[in-house]
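A short write-up of the structure that comes next.
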Amino acid sequence: MTTSPTGADGPNDDQEVAGLAARLREHRLGSRLTLEVAAARVGLSPAYLSRLETGRRQPSLPVLLGLARAYGTSVSGLLGETVAEPDPIVRGGAVEPGRAGGWGYRRAGAPGRAMQALHVHVPPGVQDAVVRVHPGEEWLYVLRGALRVTLGERVHHLGPGDSAHYDSLTPHCLAAESEDGVELLFIHTLLQSPGGELCLGGGPSAGH
């Protein structure tokens, strides 16, 4: 159910952040979302989102957070604040196991980029039931172990040094075939996926 917040939910009109309304519209259009779709993602009515984009209402912080997630940006970006360039160097470290299914992730690239790079450990075990379909592309490179990659109806068996690059709209599933799991480098581009979660079966962010 959508809601129609009133002006009391956010700052008054005389507290308007310069250019905010225009940026809200620009980010929505840049995300290729209609008013109806964008509003539904945040739990607003299309009419209220339209008032935000024309400056007749000011959003509360929770609304800004929701819009930032829906548009794949940050609250700072919506407010027009200058954000420092992320550090291009990412130091190595251990891959910590996740809370669900034992999948382990460590960021291997700078946040906020179109591509997200991860160092991943896939635990052993059958995970054929976890199939993902979402916009974007995925690339992976096996560092250690044996990996089974299912792409649509085809099953591929990869070992160290092998890689795969595929359109993630193709139904796909990753599973370890070696007893101690698989270690791999993983790069994905989730095209404006809500929240930008990683779509890997069994991991803590797999349920989107």
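By how many nm would the segment from Val90 to Leu61 grow when fully extended, if each residue of separation counts as 0.36 nm and the alpha-carbon distance is taken off?
Going from the current span to full extension adds 7.4 nm.
Given R₀ = 41 Å, FRET efficiency for Ser74-Arg144 by Cβ-Cβ distance, to 0.05?
Computed FRET efficiency for Ser74 and Arg144: 0.70.
How many angstrom separate the Cα center of the stretch 39-80 from the Cα center of the stretch 138-165?
That distance is 39 Å.
Would you please put 173-183, 31-41 in order of how densely packed they are, using the mean number of other Cβ atoms within 10 angstrom per residue and starting with the highest?
Ranking, from highest mean packing down: 173-183, 31-41.
Once the piece of chain linking His156 and Ala22 is laid out straight, how much longer is it, given 0.36 nm per residue of separation minus the C-alpha distance between them?
43.5 nm
Given a cut-off of under 8 Å on Cα pairs at least six residues apart, what relative contact order in percent is computed for the stretch 7-79?
Rounded, it is 43 percent for the stretch 7-79.
Projected onto the charge dipole of the stretch 38-190 (+1 at Lys/Arg Cβ, -1 at Asp/Glu Cβ, origin at the Cα centre), which of Pro97, Gly181, Ala68 gives the Cα projection farthest towards the positive end?
Value computed over the given set: Ala68.
None of the figures in this text is laboratory data; all of them are computed from the coordinates on show. This is a predicted model, so every value here is computed, not measured. Positions of Cβ are backbone-derived with ideal geometry, glycine not excepted, and every protein chain shown enters the neighbour counts.
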